[in-house]
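The values are calculated or read from the model by the stated rules, or taken from the named source; none is laboratory data. Treat the numbers as computed from the prediction; the structure is a model and nothing was measured. For neighbour counting, all protein chains shown are included, and Cβ atoms are generated from backbone atoms with ideal geometry for every residue, glycine included. With ligands, DNA and RNA removed, areas are computed over all heavy atoms of the protein, side chains included. Shrake-Rupley method; radii C 1.70, N 1.55, O 1.52, S 1.80 Å.
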Amino acid sequence: MPKFAANLSMMFNEVPFLDRFAAAAESGFKAVEYLFPYDNPAEIVAERLQAAGLAQALFNMPPGDWAAGERGMAALPGREADFASALDTAIAYAKVIGTPLLHMMAGLAPASDSQAIATYRENLQRAADRTGEAGIGLVIEPINGRDMPGYFLNDFNRALDFIAEVDAPHVKLQYDVYHRQILHGDVIMSLRQMAPIIGHIQIASVPDRHEPLTGELDDRRIFAEIDAIGYQGYVGCEYRPAAGTREGLGWMSKV
Ligand SMILES: O=C(O)C(=O)[C@H](O)CO
Ligand SMILES: [Mg+2]
């Protein structure tokens, strides 16, 4: 059975972010992930993580101005300085909190735009070099256009191409089952084919992005395949609870 990590950006929203670590531990989780820890000092986040006895699975690099609609900067020409500063911040937080993985978000840009592609390649290489020096893993994630219209990295094959170009063992794929099903389908076979370069996995029901066992996919079969491919990382529960986080955790005893 996979090791599940609670996504504290989507789950336990009944309490403030810093209180979600204890809430996740009380609900039986042994690990957490979240989008962005940057609203709090890294030391405070680390303190809550350690007090709750949790492992940290992953968080994202700063995405630019999220409230203004930005969704990452890696593919944004002209934002290279902001990207470099975000990378510094992410690595500083990663060192204090102790995450093994950082997710680099691409931003909103046309996937075929040559300048965006060139900028993305440069920034991915920069992030690969810096995280490699810091001993931190780096993942990139294709995201579907229904949830994030205009997101630059919207195709798993393109993500594999970028990873192959960087050719660094610590740079891998964030395989979100929810996005895979919406973008391409073929979940089981792609898990097998991509297993060697999968750095992180996330799950949610399709199409509603709720708890497992409530969507169109056979989640039990997918979890068995995640085990079968020998994936040793965490599976991030990146879903919106349908009706209360704790009320929705019954799936964990049914998979
Ligand atoms: O959107 C997702 O699936 C993610 O995992 C990003 O990190 C946040 O949008
Ligand atoms: Mg995801």
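The lone criterion from (1) over 14 Å from HIS200 (Cα atoms); (2) open to solvent by less than 40 Å² (accessible area, probe 1.4 Å); (3) among the small types (Gly, Ala, Ser) left unmet by ALA159 is number (1). For segment 24-35, check the following and say yes or no: at least one residue is within 16 Å of ligand 1 (Cβ to nearest atom) and either without any contact (Cβ under 8 Å) to a residue 12 or more places away in the chain or among the charged types (D, E, K, R) (or both). Checked against the condition, which is being within 16 Å of ligand 1 (Cβ to nearest atom) and either without any contact (Cβ under 8 Å) to a residue 12 or more places away in the chain or among the charged types (D, E, K, R) (or both), segment 24-35 yields at least one hit. Screening GLY248, GLY244, GLY236 for residues that are assigned to a helix (DSSP H, G or I), open to solvent by less than 30 Å² (accessible area, probe 1.4 Å) and under 19 Å from ARG20 (Cβ atoms) leaves exactly one candidate, GLY248.
Yes or no: segment 214-226 includes at least one residue that is small (Gly, Ala, Ser), part of a helix (DSSP H, G or I) and either touching a Pro at 6+ places or on another chain (Cβ under 8 Å) or surrounded by 14 or more Cβ atoms within 10 Å (Cβ to Cβ) (or both). Within segment 214-226, one or more residues are small (Gly, Ala, Ser), part of a helix (DSSP H, G or I) and either touching a Pro at 6+ places or on another chain (Cβ under 8 Å) or surrounded by 14 or more Cβ atoms within 10 Å (Cβ to Cβ) (or both). Of everything in segment 34-57 that is in contact with a Ser or Thr (Cβ under 6 Å, 6 or more places away or on another chain) and within 16 Å of ligand 2 (Cβ to nearest atom), the residue that is farthest from ALA118 (Cα to Cα) is TYR34.
Looking across ALA106, ALA111, one residue alone is surrounded by 15 or more Cβ atoms within 10 Å (Cβ to Cβ) and under 14 Å from the mean Cα position of the chain (by Cα). It is ALA106.
Only a single item in (1) open to solvent by less than 60 Å² (accessible area, probe 1.4 Å); (2) in contact (Cβ under 8 Å) with a residue 60 or more places away in the chain; (3) within 16 Å of ligand 2 (Cβ to nearest atom) is not met by HIS210, and it is number (2). Of the candidates LEU153, LEU101, the single residue that is within 16 Å of ligand 1 (Cβ to nearest atom) and either among the charged types (D, E, K, R) or open to solvent by 20 Å² or more (accessible area, probe 1.4 Å) (or both) is LEU101. Of all the listed residues (ALA25, ALA57), the sole one being modelled with pLDDT of 95 or more, closer than 20 Å to TYR239 by Cβ, among the small types (Gly, Ala, Ser) and assigned to a strand (DSSP E or B) is ALA57.
Whenever a residue of segment 87-111 is without any contact (Cβ under 8 Å) to a residue 40 or more places away in the chain, its partners that are open to solvent by less than 50 Å² (accessible area, probe 1.4 Å) and within 16 Å of ligand 1 (Cβ to nearest atom), lying with C-beta atoms within less than 6 angstrom and at least six residues away or across chains, give the pairs ALA90/MET61; ALA90/LEU102. Note on segment 18-46: among residues that are farther than 17 Å from LYS95 by Cβ and open to solvent by 50 Å² or more (accessible area, probe 1.4 Å), the one that is farthest from the chain's Cα centre (by Cα) is GLU26.
Residues considered: VAL166, VAL177, VAL171, VAL139. Of these, the only one that is surrounded by 15 or more Cβ atoms within 10 Å (Cβ to Cβ), under 16 Å from the mean Cα position of the chain (by Cα), under 24 Å from GLN232 (Cα atoms) and more than 16 Å from ligand 2 (Cβ to nearest atom) is VAL171. Inside segment 39-65, residues that are under 20 Å from LEU138 (Cβ atoms) and either of a type in the set (D, E, K, R) or within 14 Å of ligand 1 (Cβ to nearest atom) (or both) make up a count of 8. Filter segment 117-136 for residues that are open to solvent by less than 10 Å² (accessible area, probe 1.4 Å) and of a type in the set (Gly, Ala, Ser); which is farthest from ligand 1 (Cβ to nearest atom)? Residue satisfying both the conditions and the ranking: ALA128. Residue pairs whose Cβ atoms lie under 8 Å apart, separated by 6 or more positions or on different chains, with the first residue in segment 172-190 and farther than 19 Å from ALA228 by Cα and the second within 12 Å of ligand 1 (Cβ to nearest atom) and small (Gly, Ala, Ser), are TYR178/ALA204.
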